[in-house]
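Below is one structure; the comments refer to it alone.
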């Protein structure tokens, strides 16, 4: 078993809570605890924190072989089980550890994380509240509580949770970022965009606090050079680039650094007189003002929905359009409808991310009576999925998923199809850039750009929204989708 230097009481706890060891897992030590057991626990936690999961698991099991009631080893063995994709065993072990010692706030918080991932928001909320009852000073838990409250549709309470965490630690960037998302979703734009500036610190893009002396941009930007830096994914970048025409209208010379796949499209807009370059960081002149694209709504005071700019207009290459038109004509008659049912990348464990996904059979059944040529643009479809959706729809769904590998080709395809259906992805933003319509299936809780309610978003006025219910049901949304096609 690996060994390591002993943890001092004032060192950060290796479990990753952010608190001192003496206030976290060091508080588990009892007068009868053997020093060798404590050292084993410290070593196992270090291995776990360093991502050495197999070694950490072996250490936890060795500890339990000699000390079957060890609460820390039991709990973090549960975390290992969850990490390996077995949330049921993870929950069992975590609850066992809490039964052995309920005074450790991390235990309640981690169980809350697992339960939220298992789509049990109310149970997760109870866990986070227990963590805060156990340690009221632990401000980080307020952000987790807020996320679970969002999952439950309790948006005002979620805002309160984030605000409480921020009041306890004004530099709590993660809570400020989460609060910003929710404020914008709730149409409280002026508050939301100001808080959104904290996302760069929360995501590690920037190490400094937002400049409190910075102000929104003036009406005239004549002669000013603004270098826009990319951030987040292609879809988000396209969303925020809608503000570039306003910068140019005010007289700015704009440049952009980002994903090379976007640059030819952006060059055709004629808006980037300052130049376009590849990379995560701007290559700007000394006179340029470097701005991340996500700050543009705040800098341009995008607070009135009736004045929101439309998506940045992009034009497909004519030769690509002609080729794609021929390709789609060979697949069947109009209307041609592009379809996607999943977006995002799933992962298991404490750092899990959620897919935006609609059940295949239910989606297929809902549009079974819709006549037209259906075209799958699902990125990386799983084996058998295209056949399954075809069977549910009672017609052939043509698999053009490979087009996702070429943005110019996808832009051409989206310019040719008459309609799109599916969850939002980068393709949604390309469709918006063409001025096209789409029937967007919006999971609950919704992303901020779709708002918290209603059939439309002021950011995408040509798109119809079909919302998953707070209880996870897609029945009403898919019924609405069906009637929208057949009416």
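A short reminder: the numbers here are calculations on the coordinates, not readings from a lab. Worth saying up front: this structure is predicted, and the values here are computed from it rather than measured. So basically every Cβ, Gly included, is an ideal-geometry build from the backbone, and we count neighbours across all protein chains shown.
The range 21-202: percent of C-alpha pairs farther apart than 30 Å? Considering the range 21-202, 26 percent of its Cα-Cα pairs are separated by more than 30 Å. Diagonalising the gyration tensor over the Cα atoms of the range 163-237 and scaling each eigenvalue by 5 before taking the square root yields semi-axes of 23, 15, 14 Å, largest first. Treating r as the C-beta distance of residue 437 and residue 469 and R0 as 22 Å, the FRET efficiency rounds to 0.40.
Relative to the 2.2 N^0.38 Å rule of thumb, the range 309-432 has a C-alpha radius of gyration ratio of 1.09. Computed over the range 318-486, relative contact order equals 22 percent, with contacts defined as Cα pairs under 8 Å that lie 6+ residues apart. Remark: relative contact order (the chain) = 10 percent; criterion is Cα-Cα distance under 8 angstrom and separation of 6 or more residues. In the range 21-202, Cα pairs under 8 Å separated by at least six residues give a relative contact order of 11 percent.
Rule-of-thumb check for the range 180-311: C-alpha Rg over 2.2 N^0.38 Å?
Dividing the Cα Rg of the range 180-311 by 2.2 N^0.38 Å gives 1.01.
Between the helical axis of 105-117 and the longest alpha-carbon principal axis of the chain there is an angle of about 30 degrees.
Sorting the segments 97-110, 303-316, 211-224 by their residues' average number of neighbouring beta-carbon atoms within 10 angstrom, most packed first, yields 97-110, 303-316, 211-224.
Spacing of the modelled spin labels on residue 480 and residue 54, each 7 Å from Cα toward Cβ, amounts to 4.9 nm.
Normalised by the empirical 2.2 N^0.38 Å for globular proteins, what value does the Cα Rg of the chain take?
Here the Cα radius of gyration is 1.10 times the empirical estimate.
Against the chain, whose longest principal axis comes from its Cα atoms, helix 318-329 is set at around 80 degrees.
Angle check, please: helix 141-151 long axis (alpha carbons) against the longest principal axis of the chain (alpha carbons), in degrees 0 to 90, nearest 10. Tilt relative to the chain: about 50 degrees.
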